[in-house]
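Enquirer: Quick one: the structure is below, and I'll ask about it shortly.
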Amino acid sequence: MVDADTVRQNVKDMLVRLLAGGESDLAPVLVHPEFVNHEADPERRNGPAGAVATGDWLRSCFGDVSYEVHRVLVDGDMAAAYVTMSGTHEGGLPHGVPATHKPFAVKHVHLFRVADDGRALEHWAVRDDLGLAMQAGLLPPRASDRTAPARLSGDS
């Protein structure tokens, strides 16, 4: 098994450089051929090609997408990354919904199981999808906002 510092750097590079940055040449270095992304649709789920496809998809849905990595904890063959994902909504998610171009910044925890060589074997995530949807303007206004009576000039 590689050392914890190597795993930590590989996780950072996968999020920042491969997924958000589009450095697809890093995929075979960071992602094991048997990789399974439990969070991705089937066509983007497996192997280095699946990781590249996930990054392409993320960057198509979110402009200026980035991950600020706050901490990566490593325990044996598991790593947990606490991050802030930010960007702007550019459409494609949810499917068929037009871009709002509104910015968002949400917290995530990404879990990786790594192979002995330090490459990612599995991925899971705990994401603030509701926070993203709210910030990006993907939810209808609250009923109370739509039905509140207009204030007259001079009302307090």
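Just so it is clear, none of the values below were taken in a lab; they were calculated from the coordinates. It should be emphasised that the depicted structure is a prediction, and the values quoted were computed from it without experimental measurement. Every residue, glycine as well, gets a Cβ built from its backbone with ideal geometry; the counts of neighbours run over all protein chains shown.
Enquirer: I want to verify a result. In a Gaussian network model of the chain, Cα cutoff 10 Å, which of these has the top mean-square fluctuation: 97, 16, 31?
Expert: 97
Enquirer: Quick one: among 113, 71, 17, which has the greatest mean-square fluctuation in a GNM of the chain with alpha-carbon springs under 10 angstrom?
Expert: Looking only at 113, 71, 17, the largest GNM fluctuation is found for 71.
Enquirer: Go through the stretch 30-39 residue by residue and turn each phi into a ³J(HN,Hα) via Karplus (6.51, -1.76, 1.60, θ = phi - 60°); whole Hz please, and just put x for glycine and proline.
Expert: 9, 10, 5, x, 9, 4, 10, 9, 5, 9
Enquirer: How high is the FRET efficiency between residue 100 and residue 71 when r is their beta carbon distance and R₀ equals 22 Å, given to the nearest 0.05? Could you put the intermediate results ahead of the total?
Expert: Details: r = 30 Å, r/R0 = 1.38.
Rounded to the nearest 0.05, the efficiency is 0.15.
Enquirer: Charges at C-beta only: +1 for Lys and Arg, -1 for Asp and Glu. How large is the resulting dipole of the chain about its Cα centre, in Debye rounded to 20? Walk me through the numbers before you get to the answer.
Expert: Numbers: 15 positive and 22 negative charges, 140 e Å.
With only Lys, Arg, Asp and Glu charged at Cβ, the dipole is about 680 debye.
Enquirer: Now a separate question. For residue 35, enumerate residues with amide H under 5 Å from its amide H, sequence gap 5+ or separate chain, H modeled in the peptide plane.
Expert: Amide H to amide H, under 5 Å and 5 or more residues apart or across chains, residue 35 pairs with 47.
Enquirer: Sticking with this one: Computed from the coordinates I sent, percent of Cα pairs over 20 Å apart equals one of (1) 62; (2) 53; (3) 44. Tell me the label.
Expert: Identified label for the calculated read-out: (2).
Enquirer: Could you give me the ³J(HN,Hα) list for the stretch 19-24, computed from phi with Karplus coefficients 6.51, -1.76, 1.60 and θ = phi - 60°, whole Hz, x at Gly and Pro?
Expert: Taking θ as phi minus 60°, the curve returns 5, 7, x, x, 7, 5 Hz for the stretch 19-24.
Enquirer: For the stretch 116-128, just list the computed ³J(HN,Hα) in residue order, Karplus coefficients 6.51, -1.76 and 1.60, θ = phi - 60°, integers in Hz, with x standing in for Gly and Pro.
Expert: Along the stretch 116-128, the couplings run 4, 8, x, 7, 5, 9, 9, 9, 9, 8, 10, 10, 9 Hz.
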